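The next block holds one structure in the form of structure tokens; read it before the comments.
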Amino acid sequence: MKFIFLTLLVIIGIRDSRSDRYEVVGAADPVFALVGEDVILPCSVKPNISVVDMRVEWFRSDLKDSVVHLYEDNEDRNTNQSQSYRGRTKLNHQELQTGNASLKLSSVQVSDEGIYKCLIQSKSRSVDATVMVRVEAVAGSPPVITVDGFDDSGGLRLQCESEGWYPEPDLEWLNSEGVSLSSETTETHRNADRFSVKHTITIHHSDKIHCRVRLRHHMLDTQIITSSNMFNFWRTSVILISVAVVLSVNAGILITVFVKKNGGDVILDADTAHPRLIVSHDGKQVRDGNTQLEGVDGKKDRFNDYLGVLGKDGFSSGCFYYEVQVKGQTEWDLGVARVSVNRMGLTVVSPMIGYWTVSLRDGESWARKSPHVSLPLSVNPQRVGVFVDYEKGLVSFYDVEAMSLMYSYTNQSFNEKLYPFVSLGYLRNENSTPLIICDDYY
């Protein structure tokens with residue numbers, strides 16, 4: 001009997017010894033996390049034995065007194081947890097039964113970047129593994145190219161800037177053949193936990209120039225086409241830059257610089273105008289006449305509630321551009337519309353029914369999509385440019401004097417002829433200032 005008892009003790013001891021022979025496995029490569037999103041920090045034991053009755057501690061080895069998460073005596077014990085991790089960490093208790101002690105970290109912050117230790121401790125053994133966490137903030141702004149004038153030799157100075165990144169991104173200039181161009185000046189600033197970068201370059205001939213900002217596998221790209229006319233008439237030219245974004249390889253938008261020869265000769269079609277509207281003989285101005293005009297019929301081609309008017313000529317391919325002076329007018333809508341749009345009744349203007357517009361109402365500017373998008377402009381524009389790339393489904397609006405982008409409708413689907421659309425609002429407009437189609441933007 002004594003022999004059997006000793007044998008059982010030996011067997012139990014061997015079994016306990018084997019159950020304590022485990023390794024802890026973390027991550028061989030850094031774990032990348034995006035600011036604001038959740039991430040799983042991997043940690044498990046090999047072989048896959050239960051760690052339910054063990055102590056599991058996550059902590060930062062690169063910071064002093066930084067407890068990230070503690071599990072002990074079959075429950076979470078986060079009394080001494082670092083304040084910055086409160087409410088953001090979680091162990092899956094069911095997974096602990098199979099040896100998985102991975103930690104879920106929610107709402108990632110830049111300060112979460114660092115070296116983490118996953119320690120698993122049994123009654124007789126304590127083993128840990130390391131997890132390196134790298135944090136990215138890829139919500140940085142698209143690179144913006146601005147024209148900073150000309151040098152004494154006529155070289156065009158371009159400046160490209162992007163902000164809101166972490167860690168510091170790479171910014172480079174490329175020509176149309178993809179060859180990297182050397183920046184003349186570079187600036188990097190860190191504001192709180194984000195970086196902004198600014199590079200400048202001078203070019204002396206026409207080309208398609210890219211400014212590209214890259215953070216590991218994330219990339220934003222902006223292009224500008226510098227025409228020969230810009231260099232031949234640079235002292236008097238007014239340049240309009242259309243800026244957009246290419247994110248990774250999923251979306252691309254042609255970004256171009258327009259001079260007058262690329263624009264359209266827009267003439268308003270008085271036969272489509274609301275009966276209250278007075279369209280000038282040359283078709284370049286429209287205003288509210290404060291009463292329904294005599295002798296004007298109410299045929300179906302006219303707008304009858306919306307104070308709108310279409311251009312005479314439409315287009316169904318290529319690119320198109322026109323400008324409207326809105327200075328002094330307090331209520332307007334500008335853009336393009338499908339030829340088949342409903343012009344009767346109190347039309348709800350939106351892309352869903354064939355209108356792509358921006359508007360001014362009560363001193364505030366809006367993109368008229370559903371729902372409306374408020375445009376945070378510092379001042380109301382005096383002249384608005386409308387650019388359409390039919391094949392790419394792009395409609396962009398610009399504050400011409402500020403040379404800045406107001407709003408872009410992207411990835412639209414055009415299957416009908418589009419016409420310039422100008423409006424003075426709903427039903428009536430007591431402001432007699434006309435909207436003027438401009439021909440002097442070159």
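The values are calculated or read from the model by the stated rules, or taken from the named source; none is laboratory data. All of these numbers come straight from a predicted model, not from anything done at the bench. Using ideal geometry, Cβ is built from the backbone for each residue, glycine included, and neighbour counts are taken over all protein chains shown. Areas reflect the complete protein model, heavy atoms only, side chains present, ligands, DNA and RNA absent. Shrake-Rupley method; radii C 1.70, N 1.55, O 1.52, S 1.80 Å.
Where strands (runs of 3 or more DSSP E) fall wholly inside the range 383-442, the ranges with 1 or more residues that are among the charged types (D, E, K, R) are 383-389, 394-399. Of the residues that make up the range 304-315, is at least one modelled with pLDDT under 90, part of a strand (DSSP E or B), open to solvent by less than 70 Å² (accessible area, probe 1.4 Å) and closer than 14 Å to Ala273 by Cβ? Within the range 304-315 (the criterion being modelled with pLDDT under 90, part of a strand (DSSP E or B), open to solvent by less than 70 Å² (accessible area, probe 1.4 Å) and closer than 14 Å to Ala273 by Cβ), the answer is yes, since at least one residue qualifies.
To keep it simple, each residue is scored yes or no on (1) open to solvent by 60 Å² or more (accessible area, probe 1.4 Å); (2) in contact with a Pro (Cβ under 6 Å, 6 or more places away or on another chain).
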{"residue": "Gly140", "(1), (2)": "no, no"}
{"residue": "Pro143", "(1), (2)": "no, no"}
{"residue": "Cys160", "(1), (2)": "no, yes"}
{"residue": "Thr186", "(1), (2)": "yes, no"}
{"residue": "His189", "(1), (2)": "yes, no"}
{"residue": "Ser196", "(1), (2)": "no, no"}
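In a residue-by-residue description of the range 200-212, the property of being small (Gly, Ala, Ser), surrounded by 15 or more Cβ atoms within 10 Å (Cβ to Cβ) and modelled with pLDDT of 85 or more applies to no position.
Selection over the range 18-71 of residues that are open to solvent by 10 Å² or more (accessible area, probe 1.4 Å), within 20 Å of Ser106 (Cα to Cα) and among the aliphatic types (A, V, I, L, M) gives a count of 9.
Among the residues of the range 331-374, those identified as small (Gly, Ala, Ser) and either more than 16 Å from Arg428 (Cα to Cα) or touching a helix residue (DSSP H, G or I) at 6+ places or on another chain (Cβ under 6 Å) (or both) are Gly335, Ala337, Ser340, Ser350, Gly354, Gly363, Ser365, Ala367, Ser370, Ser374.
Can you spot a residue in the range 408-425 that is crowded, with 16+ Cβ neighbours inside 10 Å, more than 17 Å from Thr330 (Cα to Cα), touching a strand residue (DSSP E or B) at 6+ places or on another chain (Cβ under 9 Å) and of a type in the set (Asp, Glu)? No, that holds for no residue.
Residue-level check: of (1) touching a residue at least 12 places away in the same chain (Cβ under 8 Å); (2) open to solvent by 50 Å² or more (accessible area, probe 1.4 Å), Phe397 misses just (2). Considering the range 333-371, the residues that are among the charged types (D, E, K, R) and under 17 Å from Leu307 (Cβ atoms) include one that is most open to solvent (accessible area, probe 1.4 Å), namely Asp362.
Answer with yes or no whether Gly149 is touching a helix residue (DSSP H, G or I) at 6+ places or on another chain (Cβ under 8 Å), surrounded by fewer than 17 Cβ atoms within 10 Å (Cβ to Cβ) and not hydroxyl-bearing (Ser, Thr, Tyr).
Judged against the criteria, Gly149 is not a match.
Selection of the range 163-184 for residues being open to solvent by less than 60 Å² (accessible area, probe 1.4 Å) and either assigned to a loop (DSSP other than H, G, I, E, B) or hydrophobic (A, V, I, L, M, F, W, C) (or both) yields Trp165, Pro167, Pro169, Leu171, Trp173, Leu174, Asn175, Gly178, Leu181, Ser183.
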